[in-house]
Structure formats: structure tokens, C-alpha cells
Amino acid sequence: MNPAYRRHHPKWYRARMPIFWWFRKAAYFRFIARELTSVFVAYSSVLLLVQLRAVAAGPEALARFTAWLHLRPVVALHVVVLLALLFHTVTWLHLAPRAIVIRLGRRRVPDVAVLLGHYGAWLAASGLVVWLLRL
Amino acid sequence: MTGRRLREPGLWLLFSAGGTLAALFLPVLAAVLWVAPALGWLAAPAHDVLAAAARSVAGRLFLTGLIVLALFHWAHRFRYTLYDGLQLYHLNQLIAVLTYGVATVLSVAAGVVVWR
């Protein structure tokens, strides 16, 4: 919660929480893990930029970047990055039916349909990238 | 308070737009650009294919949007994770300046790299 919103609760009683409260329950830990996927999203954006620079600098620079990608610790890091990105995608798509309420006439489109629509969009986006990069 | 009321919805909008683009596009990009070639599952995309995609106008617009929005997604989410996870409420201003500041600087760098 934004701390500035608390200004008008001068006598709000709050029990003190330990800093690592989110280690106490699996659900709390999952929540923090979900929020921390944003770190991997930022890492991916920066790595994408580094790769774009290498592409712009020419085939030799891209080959050097690719050689770095093959180092064992780097491969391990990127497997973790990919798993975190997948966790972000799945949790994000599952939030969609709660955030988006679509009505057709007087009926609400069921959550399952909204969720399937989002999975369809994910599939289409992935297919588009694979097709554009001619893999 | 007026400034905050104007700013907050915009920041939430950047957060959710960035979250959606990241959810749709980052896993496949990470898989085909970084993980699959390194594990030998797939040949790495050729240089001329990548260069053509990165130089086209549509490619440049897409990459700018993806990278900038994903960075602001991180800034917003990480800011609130620091508040809730580590209870750093007293550092509100400092954390906001640092997270959105880093996202802004990297966005400018992205603009330079993508549009040069």
C-alpha cells in the first residue's frame, strides 16, 4: 500500500511484523515470489537491449554475445530467468478474469472464457515471434 | 496531493500494460533467443534475420514499447514489493525516485539503442 495513504490513520493499531514475515506460509512466499518476477522482467529487458546492440554492431559482436550465452553459469541463470518469466505469465493471465468483466447483453462472459482468450493471445504472440524469427 | 492523484493512475496503467506485454512476449523471446540455442534444442536465429527485424519500423516500435513498458512494470512492482516485503515505508520518496529513475534512464538508453 502507498505509505502516503496512511496519513489519516494516526491511531491505527498495527502489530509489529517481522521483516521476513513472508517466509512463514507458502501462500505469503508465493505472493512475494510473484512480485519478484518483475526483477527478471527488468533483467530480460536489459539483456534484450544488450543483444540488440550486438546485432547492430555486426555478426562478430553477435557471435561474441552468443558465445557468452553458452557459458555454463549463464545458461543456468537463463533457465531460472525463463522459469520466472513463465511464473509471471501464468500468474498474470490468471488475474485477468478478476480484472476484466466482459458483458454480452445482460450475461457476464464466464471467467473460463476470458482466461482461455488470454491463453490464446499468449499462444498467438509466441507463434508470431517464432514465425518472424524463422525458427 | 493533486500531483499524486494525477500520477498514480498513470503509473498503474504503465504497470499493467508492461505486465501484459511481458507476459505475452518475454517467455518466448527468452526461450528462442537465450535458453534453447544454449541448450542445443534450437539453432540461434541468424544475424540477418535479427538485424532485419530490429531495423524495421514495426520491429522498432514493438521493441521500444515492450522494453520501456516492461521496465516501468518492474519499477512499480518492485517499489511496492519493497514496501510490503521489507516494510520500508519510511523510505517512500527515496524508493520511488530510485525505481522510476532507473526505469527512465534505461528507457532513454533503449530509445537510443533501438532508434539509432
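Quick notes on this one:
- Residues of the stretch B:81-97 classified as at negative phi and facing chain A (nearest Cβ under 7 Å), total: 6
- Restricting attention to the stretch A:8-65, the residues that are within 21 Å of B:Ala23 (Cα to Cα) and of a type outside the set (A, V, I, L, M, F, W, C) add up to 9.
- Hey, B:Phe25 facing chain A (nearest Cβ under 8 Å), closer than 30 Å to A:Arg134 by Cβ and among the aromatic types (Phe, Trp, Tyr) or not: yes
- All conditions but one from (1) of a type in the set (Lys, Arg); (2) more than 9 Å from chain A (Cβ to nearest Cβ); (3) closer than 22 Å to A:Leu85 by Cα apply to B:Arg77; the one that does not is (2).
- The set of residues from the stretch A:112-135 being at pLDDT 90 or above and either more than 30 Å from B:Ser56 (Cα to Cα) or touching a Pro at 6+ places or on another chain (Cβ under 9 Å) (or both) comprises A:Val112, A:Ala113, A:Val114, A:Leu115, A:Leu116, A:His118, A:Trp122, A:Ser126, A:Leu133.
Okay, residues lined up against (1) of a type in the set (A, V, I, L, M, F, W, C); (2) surrounded by 13 or more Cβ atoms within 10 Å (Cβ to Cβ):
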| residue | (1), (2) |
| --- | --- |
| A:Ala56 | yes, yes |
| A:Ala67 | yes, no |
| A:Arg72 | no, no |
| A:Leu82 | yes, yes |
| A:His88 | no, yes |
| A:Trp92 | yes, yes |
| A:Gly105 | no, no |
| A:Val114 | yes, yes |
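- Of the residues making up the stretch A:71-98, those that are without any contact (Cβ under 8 Å) to a residue 12 or more places away in the chain and either among the hydroxyl-bearing types (Ser, Thr, Tyr) or within 13 Å of B:Gly19 (Cα to Cα) (or both) are A:Leu86, A:Val90, A:Trp92, A:Leu95.
The values are calculated or read from the model by the stated rules, or taken from the named source; none is laboratory data. What you see is a predicted model, and the numbers here were worked out from it, not measured in a lab. Heads up, the Cβs are rebuilt from the backbone with ideal geometry, glycines too, and the neighbour counts pull from every protein chain shown.
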